[in-house]
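**Student:** Let me give you the structure first, and then I'll get to my questions.
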Amino acid sequence: MGMIAEANRFTAHRAEFLHPLLEAMSRDQLAQVQLKRLRAVLRNAWDHVPWHRARIEAAGLHPDSIDELDELRRLPFMMKDDLRGHYPFGLFARSMEQLARVHASSGTTGQPTVVGYTPGDLARWADLMARSLYSAGARPGDLVHNAYGYGLFTGGLGAHQGAERLGCPVVPMSGGGTERQAKLIMDFGAKVLCATPSYALAIAEVATQQGIDLRTSRLTVGMFGAEPWSAALREEIEARLGLKAYDVYGLSEIMGPGVACECECRNGLHGWEDHFLFEVIDPDTGVPVPEGEAGELVITTLAKEALPMLRYRTRDITRVTTERCDCGRTHARLLRVTGRNDDMLIIRGVNVYPSQIESALIGRPGLAPHYQLVIERRGALDHLRIEVEAEPGVAPDLFDELARDAVHQVKSLVGVTAEVVVHAPGDVPRSQGKAVRVRDLRPKGG
Ligand SMILES: [Zn+2]
């Protein structure tokens with residue numbers, strides 16, 4: 001079947017796609033596109049970045065001699081430290097006058113990681129973010145309220161340019177000024193909200209305090225990402241905001257938001273394989289795991305000019321399936337991630353992701369979905385304290401009872417013993433961007 005006929009077969013009976021030819025091409029065609037683009041990205045790295053060239057050569061590879069995608073596995077992984085070690089522009093494949101923009105990570109631990117884009121890179125990023133917005137149900141003309149932070153962080157501008165590319169007017173709110181967020185969502189009639197999930201919840205909370213019911217707003221779609229969030233938090237956000245919440249994935253090292261996004265089926269995030277090659281590896285051995293098994297996501301960019309990334313270890317834990325989605329898109333789905341490898345806590349020998357604790361707490365009667373985890377060393381033992389809030393209106397003499405219930409819930413669902421402290425509403429700090437969920441106060445290196 002030809003490419004167009006194949007695409008039409010699915011668009012005819014199911015979802016609409018922004019780019020049917022690209023989103024519903026056969027897996028074979030997708031592999032051909034990937035191979036062609038892989039040669040080009042290796043050529044780009046080889047020609048312009050001596051560090052890459054040395055590694056490609058040492059692996060016995062050459063851009064012109066790649067015949068199969070699997071040959072890439074001979075190349076060593078890239079790590080965040082490789083970017084830091086070449087701070088700021090050492091791995092760029094283009095000169096300053098060829099760049100259009102530079103973003104950087106916050107650099108809370110060590111050097112920031114710096115990423116660059118040519119005009120073409122920005123255009124492709126906008127295309128992919130537009131594709132992501134569309135797959136989540138946004139349509140040209142829908143007003144987009146963008147509460148992702150603008151600045152060095154890729155979330156704000158990434159969502160912004162994608163919405164504009166789709167033909168959506170954007171309210172460039174950025175994070176913060178939470179009192180004004182709900183008012184403008186109501187007054188302007190935004191249909192799409194872009195934010196981190198924790199900040200969406202903070203907006204909903206402040207709205208309630210202002211007497212604004214966001215469930216009566218025109219919001220229908222929420223595009224939430226930049227931090228791991230649980231299914232329980234999704235339900236909570238949907239109930240409070242009256243919209244359908246979609247998970248969008250990305251990371252600045254690879255591009256920014258729009259690397260993968262949920263479709264209306266919400267059964268995994270379609271990773272846009274015409275632009276990225278996805279691998280899943282055992283984080284300890286580096287060996288690829290069988291399809292469908294959990295492991296660390298590794299991404300190779302297939303079209304980036306300014307900063308080609310070859311086998312980048314994302315630290316994100318996920319499972320990937322290439323089974324066709326009910327929406328008709330053929331691109332692989334990243335099944336919802338448990339969390340980042342970096343976020344995984346080892347508490348008295350038990351592996352714990354903050355999102356597991358979130359799942360155990362959210363929805364418990366009397367508890368509000370605001371929490372923070374504090375880990376300390378007491379003597380030789382790790383001590384986990386969960387600071388969580390009571391719902392407004394719960395009498396303080398019930399806090400101890402709520403805490404006991406939460407201790408039991410966390411122990412039975414996560415397998416770890418924690419102290420739980422229930423606070424009055426408003427006492428746990430709110431995020432305006434990425435939430436700080438964990439404060440690890442244990443001595444380093446111990
Ligand atoms: Zn789908």
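**Student:** Could you list, in sequence order, all residues of region 315-339 that are charged (D, E, K, R), surrounded by fewer than 19 Cβ atoms within 10 Å (Cβ to Cβ) and not in a loop (DSSP other than H, G, I, E, B)? Write out each step before concluding.
**Tutor:** Step one: of region 315-339, the residues charged (D, E, K, R) are 315-316, 319, 323-324, 326, 329, 333, 336.
Okay, now just the ones that are also surrounded by fewer than 19 Cβ atoms within 10 Å (Cβ to Cβ), so 315, 323-324, 326.
Answer for region 315-339, where residues must be charged (D, E, K, R), surrounded by fewer than 19 Cβ atoms within 10 Å (Cβ to Cβ) and not in a loop (DSSP other than H, G, I, E, B): just 315.
**Student:** Suppose we keep only residues that are touching a strand residue (DSSP E or B) at 6+ places or on another chain (Cβ under 7 Å) and closer than 22 Å to residue 346 by Cα within region 390-409. Which one would you say is surrounded by the fewest Cβ atoms within 10 Å (Cβ to Cβ)?
**Tutor:** Of all residues in region 390-409, those touching a strand residue (DSSP E or B) at 6+ places or on another chain (Cβ under 7 Å) come to 390-391, 399, 402-403, 406-407.
Adding the requirement that they be closer than 22 Å to residue 346 by Cα leaves 406-407.
Numbers: 406: 24, 407: 15.
Residue satisfying both the conditions and the ranking: 407.
**Student:** So which residues in region 34-49 are crowded, with 16+ Cβ neighbours inside 10 Å and either among the small types (Gly, Ala, Ser) or under 18 Å from residue 278 (Cα atoms) (or both), if there are any at all? Don't jump to the end; show me each part of the working.
**Tutor:** First, the residues of region 34-49 that are crowded, with 16+ Cβ neighbours inside 10 Å: 34-35, 37-39, 41-46, 48-49.
Selection gives 34, 35, 37, 38, 39, 41, 42, 45.
**Student:** While we're here: Suppose we filter 334, 367, 345, 384 for residues that are in contact (Cβ under 8 Å) with a residue 60 or more places away in the chain and in contact with an Asp or Glu (Cβ under 8 Å, 6 or more places away or on another chain); which single one remains?
**Tutor:** Working: 334 fails: in contact with an Asp or Glu (Cβ under 8 Å, 6 or more places away or on another chain); 367 fails: in contact (Cβ under 8 Å) with a residue 60 or more places away in the chain; 384 fails: in contact (Cβ under 8 Å) with a residue 60 or more places away in the chain.
Criteria check complete, one pass: 345.
**Student:** I need a count of the residues in region 88-131 that are farther than 25 Å from residue 163 by Cα, among the charged types (D, E, K, R) and free of Cβ contacts under 8 Å to residues at least 60 places away in the same chain.
**Tutor:** 1
**Student:** Condition check: basic (Lys, Arg), surrounded by 13 or more Cβ atoms within 10 Å (Cβ to Cβ), at pLDDT 95 or above and under 28 Å from the mean Cα position of the chain (by Cα). Does residue 385 satisfy that?
**Tutor:** On the way: basic (Lys, Arg): yes; surrounded by 13 or more Cβ atoms within 10 Å (Cβ to Cβ): yes; at pLDDT 95 or above: yes; under 28 Å from the mean Cα position of the chain (by Cα): yes.
So residue 385 fits the description; yes.
**Student:** Let me ask something else about it. Any idea which of (1) over 30 Å from residue 147 (Cα atoms); (2) part of a loop (DSSP other than H, G, I, E, B); (3) touching a helix residue (DSSP H, G or I) at 6+ places or on another chain (Cβ under 8 Å); (4) not small (Gly, Ala, Ser) is the one residue 442 doesn't satisfy?
**Tutor:** (3)
**Student:** Same structure, new question: Would you list the strands (runs of 3 or more DSSP E) that sit entirely within region 220-309 and hold 3 or more residues that are within 16 Å of the ligand (Cβ to nearest atom)? So that I can check it myself, show each step before the final result.
**Tutor:** Numbers: elements: 221-225, 244-251, 256-262, 269-271, 276-281, 295-301.
In region 220-309, the matching strands (runs of 3 or more DSSP E) lie at 244-251, 256-262, 269-271.
**Student:** Report those helices (runs of 4 or more DSSP H) wholly inside region 14-132 carrying at least 1 residues which are over 27 Å from the mean Cα position of the chain (by Cα). Walk me through how you get there before you give the answer.
**Tutor:** On the way: elements: 20-23, 27-48, 50-58, 80-85.
Answer list for region 14-132: 27-48, 50-58.
**Student:** Could you run through region 173-197 and say how many residues are open to solvent by less than 10 Å² (accessible area, probe 1.4 Å) and closer than 19 Å to residue 369 by Cβ?
**Tutor:** The number of residues fulfilling the criteria is 6.
**Student:** Answer with yes or no whether residue 350 is over 19 Å from the mean Cα position of the chain (by Cα), more than 16 Å from the ligand (Cβ to nearest atom), closer than 27 Å to residue 412 by Cβ and among the hydrophobic types (A, V, I, L, M, F, W, C). I'd like the intermediate steps shown before the answer.
**Tutor:** Numbers: over 19 Å from the mean Cα position of the chain (by Cα): yes; more than 16 Å from the ligand (Cβ to nearest atom): yes; closer than 27 Å to residue 412 by Cβ: yes; among the hydrophobic types (A, V, I, L, M, F, W, C): yes.
Yes, satisfied.
**Student:** Tally the residues that are acidic (Asp, Glu) and surrounded by 19 or more Cβ atoms within 10 Å (Cβ to Cβ), restricting the search to region 354-381. I'd like the intermediate steps shown before the answer.
**Tutor:** As a first pass, look at region 354-381 and keep what is acidic (Asp, Glu): 358, 376.
Adding the requirement that they be surrounded by 19 or more Cβ atoms within 10 Å (Cβ to Cβ) leaves 358.
Selection size over region 354-381: 1.
**Student:** Hey, another quick one. Please go through region 62-84 and give me each residue that is over 19 Å from residue 32 (Cβ atoms), surrounded by 13 or more Cβ atoms within 10 Å (Cβ to Cβ), of a type outside the set (Lys, Arg) and free of Cβ contacts under 8 Å to residues at least 40 places away in the same chain, ordered by number.
**Tutor:** 62, 82
**Student:** Look at residue 340 and say whether it is more than 16 Å from the ligand (Cβ to nearest atom) and among the charged types (D, E, K, R). Please lay out each step first, then the result.
**Tutor:** Values: more than 16 Å from the ligand (Cβ to nearest atom): yes; among the charged types (D, E, K, R): yes.
It is true that residue 340 is more than 16 Å from the ligand (Cβ to nearest atom) and among the charged types (D, E, K, R).
**Student:** State which residue is farthest from the ligand (Cβ to nearest atom) when the search covers only region 116-144 and only residues that are under 25 Å from residue 306 (Cα atoms) and among the acidic types (Asp, Glu).
**Tutor:** Residues of region 116-144 under 25 Å from residue 306 (Cα atoms): 116-133.
Still in the list and also among the acidic types (Asp, Glu): 121, 127.
Numbers: 121: 26, 127: 18 Å.
Taking the candidates together, the pick is 121.
**Student:** Please indicate, with yes or no, whether at least one residue in region 200-207 is open to solvent by 10 Å² or more (accessible area, probe 1.4 Å) and either among the aliphatic types (A, V, I, L, M) or over 28 Å from residue 231 (Cα atoms) (or both). Give the derivation first.
**Tutor:** First, the residues of region 200-207 that are open to solvent by 10 Å² or more (accessible area, probe 1.4 Å): 205-206.
Keeping just the survivors that are either among the aliphatic types (A, V, I, L, M) or over 28 Å from residue 231 (Cα atoms) (or both) gives 206.
Yes, some residue in region 200-207 is open to solvent by 10 Å² or more (accessible area, probe 1.4 Å) and either among the aliphatic types (A, V, I, L, M) or over 28 Å from residue 231 (Cα atoms) (or both).
**Student:** Going by what's in this entry, would residue 99 be described as within 23 Å of residue 32 (Cα to Cα) and either open to solvent by less than 40 Å² (accessible area, probe 1.4 Å) or touching a strand residue (DSSP E or B) at 6+ places or on another chain (Cβ under 7 Å) (or both)?
**Tutor:** Values: within 23 Å of residue 32 (Cα to Cα): no; either open to solvent by less than 40 Å² (accessible area, probe 1.4 Å) or touching a strand residue (DSSP E or B) at 6+ places or on another chain (Cβ under 7 Å) (or both): yes.
It is false that residue 99 is within 23 Å of residue 32 (Cα to Cα) and either open to solvent by less than 40 Å² (accessible area, probe 1.4 Å) or touching a strand residue (DSSP E or B) at 6+ places or on another chain (Cβ under 7 Å) (or both).
The values are calculated or read from the model by the stated rules, or taken from the named source; none is laboratory data. The structure presented is a predicted model; accordingly, all values stated were derived computationally and were not measured. Positions of Cβ are backbone-derived with ideal geometry, glycine not excepted, and every protein chain shown enters the neighbour counts. We work out accessible area using only protein heavy atoms, side chains counted, and drop any ligands, DNA or RNA first. Shrake-Rupley method; radii C 1.70, N 1.55, O 1.52, S 1.80 Å.
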